[in-house]
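Before any comments, here is the structure.
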Amino acid sequence: MKVLWDDFKKFLMRGNVLDLAVSVVVGIAFQAVITSFVDDVLMRFVGAIFGKPGFQDLVWEIGDGEVRYGAFINAVINFLIIASAVFVVVKAFERLQSLRRGAPEEEEGTLTDEARILIEIRDELRAQRS
């Protein structure tokens with residue numbers, strides 16, 4: 001039992017748990033912001049265009065039950081907005097990391113032929129060293 005407790009304490013003190021906890025808290029706060037944006041801004045535009053402030057009222061009635069496909073549409077819209085925002089954040093992070101490492105812009109349209117050749121030479125020299 002003592003060994004298990006010691007291993008658990010080591011796990012908690014690694015720092016990864018703290019990073020995960022911070023990520024979860026920030027993610028929950030981010031979800032609240034996105035939900036508010038969808039419900040209070042985006043769906044108000046939908047209401048102005050279609051006459052209803054959201055898709056929640058869209059249902060199929062089947063016998064005594066109902067299928068609330070409007071709530072599903074709202075969830076899909078939330079997902080798409082969150083996925084887009086995460087994509088933008090990841091791309092910005094990757095860009096900052098490459099700038100921090102001093103990597104040159106390697107986009108096709110921005111490099112000259114000489115720059116491409118120099119990059120190939122650099123990569124070949126790195127490959128020979130390792």
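Read-outs throughout are calculated quantities, based only on the coordinates presented, and are distinct from any laboratory measurement. This structure is a prediction, so every number in the text was calculated from the model and none was measured. As a convention, Cβ positions derive from the backbone with ideal geometry for all residues, glycine included, and neighbour counts pool all protein chains shown.
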Among Asp6, Asp64, rank each residue by its count of other Cβ atoms within 10 Å, from fewest to most, as a rough exposure measure.
Asp64, Asp6
Rounded to whole Hz, the Karplus (6.51, -1.76, 1.60) HN-Hα couplings of region 81-88, x for glycine and proline
5, 5, 4, 5, 5, 5, 4, 5
If each of Ser130 and Lys52 carries a label point 7 Å out from its Cα toward its Cβ, how far apart are those two points in nm?
5.6
To the nearest 20 debye, region 2-103 has a Cα-centred charge dipole, built from +1 on Lys and Arg Cβ and -1 on Asp and Glu Cβ, of 820
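If each residue's Cβ is checked for other Cβ atoms within 10 Å, how do Leu4, Leu111 rank with the fewest at the top? List each step's numbers first, then the result.
Numbers: Leu4 8, Leu111 15.
Listed from fewest to most nearby Cβ atoms, that is Leu4, Leu111.
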Angle, helix 2-13 long axis vs. longest principal axis of the chain, Cα atoms, 0 to 90°, nearest 10?
90
Rg and Dmax of the chain, Cα atoms only, in Å
25.1, 73
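Listing Ser98, Ser130 from the residue with the fewest other Cβ atoms within 10 Å to the one with the most, what is the order?
Numbers: Ser98 13, Ser130 4.
The order, fewest Cβ neighbours first, is Ser130, Ser98.
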Using 0.36 nm per residue, how much length does the chain from Arg95 to Lys10 gain when fully extended, once their Cα-Cα distance is taken away?
27.2 nm
Please turn the phi angles of region 72-79 into ³J(HN,Hα) values with the Karplus equation 6.51 cos²θ - 1.76 cosθ + 1.60 (θ = phi - 60°), one per residue in order, whole Hz, x for glycine and proline.
5, 4, 4, 5, 5, 4, 4, 4
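Let me have the 222 nm mean residue ellipticity of the chain computed from DSSP H runs of 4+ only, each contributing -39500 (n - 2.57), with the sum over all residues rounded to the nearest 500. Numbers along the way, then the final one.
Details: 5 runs with 91 residues, N = 130.
My calculation for the chain gives -23500 deg cm²/dmol from helical runs alone.
Between Tyr69 and Leu20, how high is the FRET efficiency from 1/(1 + (r/R0)^6) when r is the Cβ-Cβ distance and R₀ = 41 Å? Nearest 0.05.
Numbers: r = 35 Å, r/R0 = 0.85.
Calculated transfer efficiency: 0.75.
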From the backbone phi of region 24-29, what are the Karplus-calculated ³J(HN,Hα) couplings (6.51 cos²θ - 1.76 cosθ + 1.60, θ = phi - 60°) in whole Hz, Gly and Pro given as x?
5, 5, 5, x, 5, 5
